[in-house]
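Colleague: Dropping a structure here in structure tokens format, bear with me for questions.
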Amino acid sequence: MLVKDIAEKLQAEIVNPGHHLNREIKGCYIGDLLSWVMSNAQEDDIWITIMSNVNVVAVATLTDVACVLLCENVDPDDNCLKRANEQGISILKTKLTAYEAAVKIGNLL
Amino acid sequence: MENANLKLHYNVDKKDFINAGEASSSVKKVLRKLGVNPECIRNLAIAMYEAEINMVIHANGGTIDVDISPECIHVVLSDSGPGIPDIQRAMQEGYSTAGDNVRELGFGAGMGLPNIKKYSDDLKITSEIGVGTTVEIKVNIPS
Ligand SMILES: Nc1ncnc2c1ncn2[C@@H]1O[C@H](COP(=O)(O)OP(=O)(O)OP(=O)(O)O)[C@@H](O)[C@H]1O
Ligand SMILES: [Mg+2]
């Protein structure tokens, strides 16, 4: 399922529209500790997290995840957003918890 | 010389979280262009990022030298930070001296060095207290 379609189905906000919204999402990883994410997130995953600082973008870039989904209404900080725009990382935002979002995503993939 | 190695050099600034990971990203892009096997690229990216971010968090930044040959990717990260008193202990999963300020950013799981070990084919760490740390990573490229 494409990033833009997941966003629509979850009613998630696309915080920085215009990047790779047509990327295919093939899996999902949930985590906030960056070394765990580095090791376990797979290419084309949707990465669910409450971390919202600039390092998230570096990890998303290096792991090649399809997009980042910030849950529990977390907003990315300014540096995170700026960097995400530079690197072409799509950031979505939802009020759902990680669990609620993952259940929905599991049914969609 | 058809098989000349490709050498890359980077400077990593201290406490620069904004650009941390840039060197690893750049090497990843180069390896992609060279058409290196994707699993090797992933392994190298994970290992190099962990070492790069450790230089930012635990040391005062440093330098990175990358040497890409047809057989392997060799990365040497050198810093002049505080050094690691007990390398064996630092290698243990979960061991971290990260302060609250970096834990808030998502670091400090104590999984960085174990990740480097797991995803590299060879890891050498040399460190001297008050002088600095050198981390040497090798990822083989299967022919
Ligand atoms: N370049 C370095 N200079 C000084 N100390 C270091 C360096 N790299 C690692 N260390 C020490 O080794 C410990 C373990 O490093 P490791 O990367 O495994 O975990 P971490 O960086 O604390 O957490 P994580 O990598 O999971 O975010 C660090 O907490 C630190 O004490
Ligand atoms: Mg680390």
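The values are calculated or read from the model by the stated rules, or taken from the named source; none is laboratory data. Everything quoted here is computed from the prediction, not taken from an experiment. Virtual Cβ from ideal backbone geometry, glycine too; neighbours counted across all protein chains shown. For the accessible areas, the whole protein counts, side chains as well, though only heavy atoms, and no ligand, DNA or RNA atoms are used. Shrake-Rupley method; radii C 1.70, N 1.55, O 1.52, S 1.80 Å.
Colleague: Do any trypsin sites (Lys or Arg not before Pro) in the range B:15-90 lie in a DSSP loop with no more than 15 other beta carbon atoms within 10 Å, and if so, which?
Modeller: Here the trypsin sites (Lys or Arg not before Pro) that fit, given the DSSP loop and packing criteria, are B:Lys15.
Colleague: Taking 8 Å as the Cα distance limit and 6 or more residues as the minimum spacing, I'd like the relative contact order of the range A:3-108 as a percentage.
Modeller: Computed value for the range A:3-108: 31 percent relative contact order.
Colleague: Assigning unit charges at the beta carbon (Lys, Arg +1; Asp, Glu -1) and nothing else, what dipole magnitude in debye, to the nearest 20, does the range B:6-140 show about its Cα centre?
Modeller: Dipole magnitude for the range B:6-140 comes out near 340 debye.
Colleague: Roll a 1.4 Å probe over the protein heavy atoms and report the accessible area of B:His9 in Å², nearest 10.
Modeller: 110 Å²
Colleague: Now for a different question. Of the accessible area of the range A:50-93, with the probe set at 1.4 angstrom, what percent is carbon plus sulfur?
Modeller: 42 percent
Colleague: A further question follows. Given the pairs A:Lys93/B:Lys117; B:Lys7/B:Lys124; A:Lys104/B:Lys138; B:Lys28/B:Lys124; A:Lys93/B:Lys28; A:Lys82/B:Lys28, which span a C-alpha to C-alpha distance of over 31 angstrom in this model?
Modeller: A:Lys93/B:Lys117; A:Lys104/B:Lys138
Colleague: Another one. Efficiency by 1/(1 + (r/R0)^6): what FRET value for B:Asn19 and A:Asp32, r their Cβ-Cβ distance, R0 = 22 Å, to the nearest 0.05?
Modeller: Efficiency computed from Cβ-Cβ geometry: 0.50.
Colleague: Run the reach check for B:Lys14 against lysines, Cα to Cα strictly under 18 Å, same-chain hits fewer than 8 apart removed. What comes back?
Modeller: Within the straight-line limit of under 18 Å, B:Lys14 reaches no lysines at all.
Colleague: With point charges of +1 on the Cβ of Lys and Arg and -1 on the Cβ of Asp and Glu, referenced to the Cα centre of the range A:24-109, which listed residue (A:Cys80, A:Ile46, A:Val103) lies farthest in the positive direction of the dipole?
Modeller: A:Val103
Colleague: Could you report the accessible area of B:Phe17 in Å², rounded to 10, computed with a 1.4 Å probe on the protein chains as they sit in the structure?
Modeller: 40 Å²
Colleague: Right, next: For the ranges B:133-141, A:53-61, what's the packing order if you count other beta-carbon atoms within 10 Å of each residue, average per peptide, and put the highest first?
Modeller: In decreasing order of mean packing, B:133-141, A:53-61 become A:53-61, B:133-141.
Colleague: Convert 20 °C to kelvin, take the viscosity as 1.002 mPa s, use the Kirkwood radius over C-alpha pairs of the protein assembly as shown as Rh, and evaluate the Stokes-Einstein diffusion coefficient in µm²/s, rounded to a whole number.
Modeller: Estimated diffusion coefficient is 115 µm²/s.
Colleague: If you don't mind, another one. In whole Å, what three semi-axes, largest first, describe the equivalent ellipsoid of chain B built from its Cα gyration tensor (square root of 5 times each eigenvalue)?
Modeller: That gives 26, 15, 15 Å for the three semi-axes.
Colleague: In Å² (nearest 100), what accessible area is buried between A and B, both sides summed, heavy protein atoms only, 1.4 Å probe?
Modeller: Approximately 1900 Å², summed over both chains.
Colleague: Additional query: Using the scaling law 2.2 N^0.38 Å as the reference, what is the normalised Cα Rg of the range B:1-50?
Modeller: Rounded to two decimals, the normalised Rg is 1.27.
Colleague: Ok, one more. Amide H neighbours of B:Cys72 under 5 Å, at least 5 residues apart or on other chains, H built in the peptide plane: list them.
Modeller: B:Ile141
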